[in-house]
Amino acid sequence: MAFALSPRHARVRRYGVILVVFIIILILWPSQHIENLSNELVKDSQKNDYLEEILNPNKNDDESIYRIHNGPLKADFNPGSQDLDFPEIINKQNLDEAMEKLKINSPENIDQMTSVLSNFVTESKYKSMKDISGFVGNVDVHKEVDYYTELSCPEIEYKQNQVELVHSEPLTLEDDFFNIRDYLLSTKYSKVVSIVDQSSSDGSMISDIKHWYKKSGSSIWLPTEELHMVATTVFFAPYNRNEPLASFIRLQLFNSNWEEVKERRIKFQDLTDNDIHNTLKKYNSKKDESLLDSISLKFPSILNVPFDPKAEKTNVGPEDPRMLYKDGEYSSEPLIIFNMATSKNKKGMFAVFPFRKPQGNDGEHKILTFKNIGNNALTHLKMEKNWVPFFDGERIGDSKKSRGYIHFVYTLDPLVIFRCSLDNGKCSKSQDNIYSSTYAEKSEGYMRGGSHFYPVPREIIQRLTGGDTMKRLQMWVGFPRVHIKKSACGSEVHRSTLSLLVKEDGVYRVELISTPLDFGVSSAQKCDSKNPSILNANGIAFWDIVNTEQEQAHSQIPLFDDYMGLIVGENNEKVHVVFLKNVLNFALGVYAKGNYMLSDYDLEDGVSERTRKVSECALQHAIKYTQQLSKGESVVDRIVE
């Protein structure tokens with residue numbers, strides 16, 4: 001007698017049969033069989049690839065920049081897709097070969113790298129800067145003597161006679177404004193660089209090349225690339241050269257002979273092999289060069305930093321780049337400091353690491369905003385734009401978790417120093433001298449920022465101090481500018497000066513400010529009654545120093561054979577590179593008679609008055625310098641009553 005199974009019992013029976021079948025499959029077809037099958041498939045694939053390489057040896061080179069590594073691999077069975085998953089293996093050698101083909105990799109042979117000091121520099125013709133003098137803050141006086149009120153400018157005047165400060169002929173750094181304009185017209189900035197001509201009846205656009213200008217450059221030497229990297233301000237001024245509508249940071253590369261290198265890329269420093277691998281895979285298939293922008297910076301180019309390109313605003317975008325090379329304890333990389341409008345009539349200070357990979361899909365570089373709020377500084381600028389950057393010579397303070405710190409001369413007259421984090425931009429006050437010169441108080445003339453301050457090598461300072469490492473002394477050379485407002489020569493005059501900044505036992509002082517420098521630029525000798533007369537050194541490109549093992553007569557100050565490269569801006573129109581010799585000899589010559597170490601009294605109470613006096617005399621001389629310009633006479637560099 002048969003009994004019919006209920007539906008419930010029938011389902012149980014079916015599930016049991018399925019379970020038994022599954023167990024039998026696992027027993028008869030173990031995972032080892034899957035692995036064997038995987039290996040056989042890979043072998044077949046490799047065999048086909050091997051035959052293909054023999055039959056067509058140049059196929060990969062013709063079609064692909066990047067050779068994808070193809071074995072040996074072990075595939076894993078994916079139950080979800082019922083297929084085999086082949087993992088990707090990144091071959092570092094293949095990556096390097098592809099990057100070399102694309103001209104992105106740095107030179108590999110470090111031992112044969114090009115020196116920053118080329119024959120082009122050393123064999124240039126040099127001319128004397130006649131009668132250049134300066135004013136110093138290290139004259140030895142009794143502690144009861146007030147350095148600011150009781151000493152005259154002739155009493156603190158300094159002039160070196162044994163070794164002359166000399167300069168080469170200015171070399172103009174040319175650029176392609178057509179290329180710049182066409183590129184920007186293809187970007188999100190097109191509206192701001194092609195505005196409607198209000199005087200035109202047909203609504204034509206203003207984007208003519210005559211409205212494009214270049215100013216204020218800076219440069220560093222890239223040792224691993226054997227190239228000079230130059231950053232300049234290019235700006236669009238459709239109505240008046242002195243009223244730019246928008247500005248941008250232009251990046252160029254030059255070799256050691258100062259010839260421009262084009263179509264070169266430099267790899268970002270914070271990439272992983274996987275970042276490069278993924279980009280090169282896409283490039284293999286699409287052959288779109290813009291894909292390489294995610295892993296490298298192309299030269300020449302416009303640095304892509306975020307700002308609001310609204311046509312109704314004026315003077316938007318980054319300007320006045322000052323570039324430094326952060327040679328830290330943990331990492332080394334370029335850093336660009338610049339100012340930019342934050343709102344109407346206000347500017348702020350920012351920084352960007354150009355060799356860090358961009359953030360987001362638009363390729364913009366992340367910028368760091370410096371904030372001086374809450375530092376209790378007694379001196380505040382109406383426009384935050386003239387901060388002078390420098391790195392502490394003892395310790396930048398970077399690590400795996402931090403980018404370290406940078407210092408700024410917030411103002412020179414009075415001397416105010418900030419220390420700012422490169423992680424969050426927060427600044428703290430290191431020093432505030434409070435009182436400025438009488439010329440600054442009366443708004444007749446100012447000491448403004450120019451180039452960054454470049455450190456004097458520590459071994460040179462130790463030789464100056466007799467090798468006493470216990471004496472905590474640091475020095476920097478820079479080129480701040482005098483800005484004369486009330487001048488008989490046009491509206492304003494800007495000229496660079498050579499300055500020596502000193503830090504002794506944690507206290508900063510300005511040891512030297514020279515008389516105005518013209519670097520052999522012809523326009524600096526003339527007077528323009530309509531436009532400002534501007535000649536500023538905005539960047540120290542390099543400084544190569546060799547000890548000559550000589551000493552000056554009647555002193556213990558050693559002599560040096562040194563070459564310096566300066567980036568000089570002329571009248572918001574041109575940017576030049578000028579080479580100088582004997583900068584270090586001129587700067588250290590102030591110690592032939594004066595003190596390099598001050599007394600405890602001076603460090604505690606008198607040092608600020610010394611710095612104030614140096615600025616006072618430098619501005620006094622600069623005002624007389626502009627009076628000579630206005631009369632159309634030859635400029636006498638030594639004008640001291």
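The values are calculated or read from the model by the stated rules, or taken from the named source; none is laboratory data. Since we're looking at a predicted model, the values are computed, not measured. Note: ideal-geometry Cβ built from the backbone for every residue, glycine included; neighbour counts use all protein chains shown.
Quick notes on this one:
- Any hit, region 458-475, residues being buried (at least 23 other Cβ atoms within 10 Å of the Cβ), assigned to a loop (DSSP other than H, G, I, E, B) and out of contact with any Cys (no Cβ under 6 Å at 6 or more places or on another chain): no
- F353 being buried (at least 17 other Cβ atoms within 10 Å of the Cβ), under 26 Å from R448 (Cα atoms), under 19 Å from the mean Cα position of the chain (by Cα) and at pLDDT 95 or above: yes
- Members of region 232-253 found to be closer than 17 Å to P334 by Cα and aliphatic (A, V, I, L, M), listed by number: I249, L251, L253
- Of all residues in region 248-282, those satisfying the criterion of being closer than 26 Å to A541 by Cα, touching a residue at least 40 places away in the same chain (Cβ under 8 Å) and not in a loop (DSSP other than H, G, I, E, B) are F248, I249, R250, L251, Q252, L253, F254, E260, R264, R265, I266, K267.
- Identity of the residue in region 586-624, modelled with pLDDT under 90 and of a type in the set (S, T, Y), that ends up nearest to G478 (Cα to Cα): Y596
- Take the conditions (1) exposed (fewer than 14 other Cβ atoms within 10 Å of the Cβ); (2) touching a residue at least 40 places away in the same chain (Cβ under 8 Å); L297 misses just one of them, which is (1).
- Region 86-116, subset of a type in the set (A, V, I, L, M), in a loop (DSSP other than H, G, I, E, B) and closer than 28 Å to S219 by Cβ, residue modelled with the lowest pLDDT: M113
- Among residues of region 383-422, those that are out of contact with any helix residue (DSSP H, G or I) (no Cβ under 8 Å at 6 or more places or on another chain), buried (at least 18 other Cβ atoms within 10 Å of the Cβ) and assigned to a strand (DSSP E or B), counted: 15
- Subset of region 229-242 (residues that are part of a loop (DSSP other than H, G, I, E, B) and at pLDDT 85 or above): A237, P238
- Scanning region 507-534 for residues that are at pLDDT 90 or above, surrounded by fewer than 22 Cβ atoms within 10 Å (Cβ to Cβ) and touching a Lys or Arg at 6+ places or on another chain (Cβ under 8 Å) returns a single hit, D518.
- Qualifying positions in region 568-587 - closer than 19 Å to E123 by Cα and in a strand (DSSP E or B): H576, V577, V578, F579, L580, K581
- Criterion violated by D637 - all others in (1) at pLDDT 80 or above; (2) closer than 18 Å to V166 by Cα satisfied: (1)
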